[in-house]
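Novice: Below you will find the structure I want to go over with you.
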Amino acid sequence: MTSPSVLAAALRAHAQGLYCDEAAAELLIAQSWLHRPDFASQFVTVHPGIGGGQPVAVIDWTAVVTALGTSLPCSGGEQRMLKVTASLAGGIPVDLRDTITGIDDRNVQLLIAAVRHASGKRPEDEQYR
């Protein structure tokens, strides 16, 4: 399995310059999903960089959302955060009324930072930690 730090760098490389994708990558990294082999091995694909440069990582967001509650065990809060992340990254529709209800304070702050980032205001790295 590729290390979480390599996956994080590859996700950032793939998302670079695309606000929604950058926001989703940071949100996913902050949630520690890249440390879970069941997530990283099933849904993350790493491709070599162009000309031997930085590798890039792509996530199959449709497969992630489909696996929620079945082959991807996670809490209700983790499911809600993944749904919002998938919406930012892959345009997958999410019902904010159902999804945001019950999210804890840390995740609310992460979501606020991600929405600001997606709107073109890149946050400081500390806001995602």
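Novice: Restricted to segment 9-31, and to residues that are open to solvent by less than 70 Å² (accessible area, probe 1.4 Å) and touching a strand residue (DSSP E or B) at 6+ places or on another chain (Cβ under 7 Å), which residue is farthest from residue 122 (Cα to Cα)?
Specialist: Applying the filter and picking the extreme gives 10.
Novice: Oh, and also: Please determine whether any residue of segment 84-92 is open to solvent by less than 80 Å² (accessible area, probe 1.4 Å), outside any helix (DSSP H, G or I) and free of Cβ contacts under 8 Å to residues at least 12 places away in the same chain. It would help to see each step written out before you state the result.
Specialist: Of segment 84-92, the ones open to solvent by less than 80 Å² (accessible area, probe 1.4 Å) are 84-92.
When the remaining residues are screened for being outside any helix (DSSP H, G or I), the result is 91-92.
Of the ones still in play, those that are also free of Cβ contacts under 8 Å to residues at least 12 places away in the same chain are 91.
The answer is yes, given that some residue of segment 84-92 is open to solvent by less than 80 Å² (accessible area, probe 1.4 Å), outside any helix (DSSP H, G or I) and free of Cβ contacts under 8 Å to residues at least 12 places away in the same chain.
Novice: Report every pair of residues separated by at least 6 positions or lying on different chains whose Cβ atoms are under 9 Å apart, first residue within segment 65-76 and more than 22 Å from residue 91 (Cβ to Cβ), second open to solvent by less than 70 Å² (accessible area, probe 1.4 Å) and in a helix (DSSP H, G or I).
Specialist: 71/38; 73/38
Novice: While we're on this one: Starting from segment 20-36, take each residue that is on the phi > 0 side of the Ramachandran plot and list its partners that are assigned to a helix (DSSP H, G or I) and crowded, with 22+ Cβ neighbours inside 10 Å, counting only C-beta distances under 9 angstrom and pairs at least six apart or across chains.
Specialist: Cβ pairs passing all conditions: none.
Novice: crowded, with 19+ Cβ neighbours inside 10 Å, of a type in the set (Gly, Ala, Ser) and in a helix (DSSP H, G or I): is that true of residue 5 in this structure?
Specialist: Taking the combined requirement at face value, the residue does not satisfy it.
Novice: Residues being under 18 Å from residue 114 (Cα atoms), crowded, with 20+ Cβ neighbours inside 10 Å and not β-branched (Val, Ile, Thr): count how many of those fall in segment 32-77.
Specialist: 3
The values are calculated or read from the model by the stated rules, or taken from the named source; none is laboratory data. Note that the coordinates shown come from a computational prediction; the quantities given were computed from them, not determined experimentally. So basically every Cβ, Gly included, is an ideal-geometry build from the backbone, and we count neighbours across all protein chains shown. Each accessible area value is taken on the protein alone, full model and side chains, heavy atoms only, with ligands, DNA and RNA left out. Shrake-Rupley method; radii C 1.70, N 1.55, O 1.52, S 1.80 Å.
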